[in-house]
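The values are calculated or read from the model by the stated rules, or taken from the named source; none is laboratory data. Bear in mind the structure is a predicted one, so any value in this text is a computation, not a measurement. As a convention, Cβ positions derive from the backbone with ideal geometry for all residues, glycine included, and neighbour counts pool all protein chains shown. In case anyone asks, the SASA skips ligands and DNA or RNA and just uses the protein heavy atoms, side chains included. Shrake-Rupley method; radii C 1.70, N 1.55, O 1.52, S 1.80 Å.
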Amino acid sequence: MKENIFLVGFSGTGKTNVGRTLSALLDYEYIDTDLQIEADTGRSVTAIFAEDGEPAFRALESAILEKICESNYQVVATGGGIVLSKENRTAMTANGYVVCLEARPETIYVRLMLDTANRQDAANRPLLKSDDPYQRISTMKAERARYYAEADWTIHTDFLATEEVASEIAQVLPLLRRRSDKQRGGAGSPATPGSPHAARQGSLPFHRGHEGLSLTAASSWAKEPDPVAGPVAPASAPSDDSALVVQTSQGSYPVLFGENLLANLGDVLLKYLPQAANRKAFIISDDQVGPLFAPTVQGALEKSGFRVFVYQVPAGESSKSLTQVSALYDWLAAGRAERKDLVLALGGGVVGDLTGFVASSWLRGLPFVQLPTTLLAMVDSSVGGKTGVNHPTGKNLIGAFYPPQAVIADVLTLTHLPERARRSGWSEVVKHGVIPGTGTEQAALARFERLERNVFALNTGDMALTASILRESVAVKAGVVQEDEREMGLRITLNYGHTYGHALEAAGGYTQLLHGEAVAIGLQGAARLAELLGYCSPEFVARQKTLLEAFGLPTSARVYNFDREKILASMKLDKKVEAGAVRWILPRGIGSVEVTRAVPAEAVAQVLEELL
Ligand SMILES: NC(=O)c1ccc[n+]([C@@H]2O[C@H](COP(=O)([O-])OP(=O)(O)OC[C@H]3O[C@@H](n4cnc5c(N)ncnc54)[C@H](O)[C@@H]3O)[C@@H](O)[C@H]2O)c1
């Protein structure tokens, strides 16, 4: 893979300044596609647009990009519209890393105004030549959002200086390299000593001298062990925080977070489930996760004496169906699964819910183990014992409370997650930072502050810290679930943010917003509602918003054209509705929530208006 870094993003997000600073930091060549077009044609971009039209400009831009892609070690600041062409997006992805610089429309507007005032050159900022520049920026940005979302990494630049953005990109480079290695199937294989790949792994910033690469200061990334994926990954010793124990009416189970747990799964399992020795292990995964981790899991289990069977369902929500349940029963029957054999769910929440339900019902219950691979599954769905599949009339309507025998979360699997999916999982962690769980307000405040202090390290992939924070977060859910296994009381507080969240997710047809993104907006909505009704202060609302946004999560749905009335109607159908009224979980502040039905419809509608 080439080492080019393509900076994409809307006008005014800082690509030029960040590009120059980053190229100096890495000692890479700096290229600006617009300047290159001007140099090649001897005409200004504005003139080309005005005289030849946009299609002619886009053709020039694509030709320049093609030429740029032939070279290596460049930081390329691109024009805001370069992502509109699929060919351009493919070319950038194939020839380097794509980093998107984001900013809110209001930030962009102010930056463009200031820039124009400084340069006294409005011609280069045609966006401002409109009756309502702010609206124009918002609309164009929303139209391009789905293309920007394809970037390998996104940085919200609103509150960051140029140097901070450049430095964040330099810091995430090792992660992007590892990811692209894995995507190309080279996961975990040791780098050849002396090769540029070896020289680059885990260290930064580095400088490219005349004879290749020479390393300077090593970052914390250098300390990380090899990622777990791929059958050839050496099974480094697992690291785990000591297990949390969740008590249920049917017994207790451990929840482990750590690195390299999958590569050592046989040993880890037998430590906690010695009764499973020499049994059959039925691994259920999906066709995206399976190829990444199933060979490692299978190898580790076979090494410990298990006889392993693997089944992959298609990735995605549609696999939570009775059709898949039936296919899995056939597979278990063919493999002659017996009462003491293990069923393992290797994947996100979909695989976990489906596998749990199959395990709960085949032979009236087989022991099952959760091996969650998404942030959401680690921090939410794998713990609590809710399993199930969907029915044509609604989500999760068929199911059972069936706790696992163990939850083993290898955080290194998270490094394979697409950027957007990774970010979206943090909303549940923020939620666990606000609700009290079974602890004190002080404990919640400490959790929230720890998130605030560490958000940058978490965003840039500090895996040991990630394991520790997730463990702390799950302890909140575990405490609640332990006290209210069957959702009769306290467990409702876990739905903080989910009333607006579920309705927004449904409004987007479950395709426009990821679950975690909808929850983030829902958390903000619930907090604003609480403020409006006098439960919490504006400072709390602002503080939660800042944390959500620092994780790269949305706090409004303004870019989508959702139908307000449909959302209001869908909220009335939410599962928190009891005797015709929605039960709201409203924060009083960090570590304290109010569960109430006494919320005027006008206030709900007013906040929804703000969110949309
Ligand atoms: N049981 C519960 O208490 C509970 C709670 C919350 C949500 N859920 C359920 O969880 C489901 C959503 O879970 P999800 O968000 O994990 O979605 P998911 O399971 O669909 O996973 C999202 C996508 O990421 C892929 N993926 C998973 N791990 C990966 C990895 N490490 N690297 C690369 N790709 C990976 C998957 O193949 C899938 O395409 C929903 O069905 C929801 O109803 C259940």
Could you grab the relative contact order for region 4-181? Cα pairs under 8 Å, six or more apart, rounded to a whole percent. 34 percent
Over 25 Å between C-alpha atoms is what I'm after, so list which of LYS320/LYS545; LYS386/LYS572; LYS2/LYS67; LYS15/LYS431; LYS395/LYS566; LYS2/LYS86 land there. LYS320/LYS545; LYS15/LYS431
So for region 489-611, averaging the separation of alpha carbon pairs under 8 Å that are six or more residues apart and normalising by length, what relative contact order in percent results? 31 percent
With charges only on Cβ, +1 for K and R and -1 for D and E, what is the dipole size of the chain about its Cα centre, in debye, rounded to 20? 1520 debye
Rounded to the nearest 10 Å², the accessible area of GLU338 using a 1.4 Å probe with every protein chain kept is 100 Å²
Give the long-range amide H neighbours of GLY347: residues separated by 5 or more places, or on another chain, with amide H under 5 Å away, using H modelled in the peptide plane at 1.01 Å from N. LEU371, THR373
Of all trypsin sites (Lys or Arg not before Pro) in region 446-527, which ones are in loop regions per DSSP and have a Cβ with at most 13 other Cβ atoms within 10 Å? ARG486
Got a number for the accessible area of VAL350? Probe 1.4 Å, square angstrom, nearest 10. 30 Å²
Which listed residue (ILE435, HIS498, VAL325) has the Cα farthest towards the positive end of the charge dipole for the chain, taking +1 on Lys and Arg C-beta and -1 on Asp and Glu C-beta about the Cα centre? VAL325
Folded to 0 to 90 degrees: helix 515-532 orientation relative to the chain principal axis, Cα: 90 degrees
Hey, can you rank 260-268, 388-396 by average C-beta count inside 10 Å, highest first? 260-268, 388-396
On C-alpha positions alone, give me the angle between the axis of helix 105-119 and the longest principal axis of the chain, in degrees, nearest 10. 20 degrees
Among SER304, SER44, what's the order by accessible area (1.4 angstrom probe), most exposed first? SER44, SER304
Tell me the mean residue ellipticity at 222 nm calculated for the chain from its helices only (DSSP H runs of n ≥ 4, each -39500 (n - 2.57), averaged over every residue, nearest 500). -14000 deg cm²/dmol
When the charge dipole of the chain is computed with +1 at the Cβ of Lys and Arg and -1 at the Cβ of Asp and Glu, the Cα pointing farthest to the positive end, of GLY80, ALA170, THR355, is that of THR355
Net charge dipole size for region 239-417 [Lys, Arg +1 and Asp, Glu -1 on Cβ; Debye, nearest 20]: 600 debye
Can you give the angle from 0 to 90° between the axis of helix 498-507 and the longest principal axis of the chain, with both taken from C-alpha atoms, to the nearest 10? 60 degrees
Do you know the relative contact order of the chain, to the nearest whole percent, from alpha carbon pairs under 8 angstrom that are 6+ apart? 10 percent
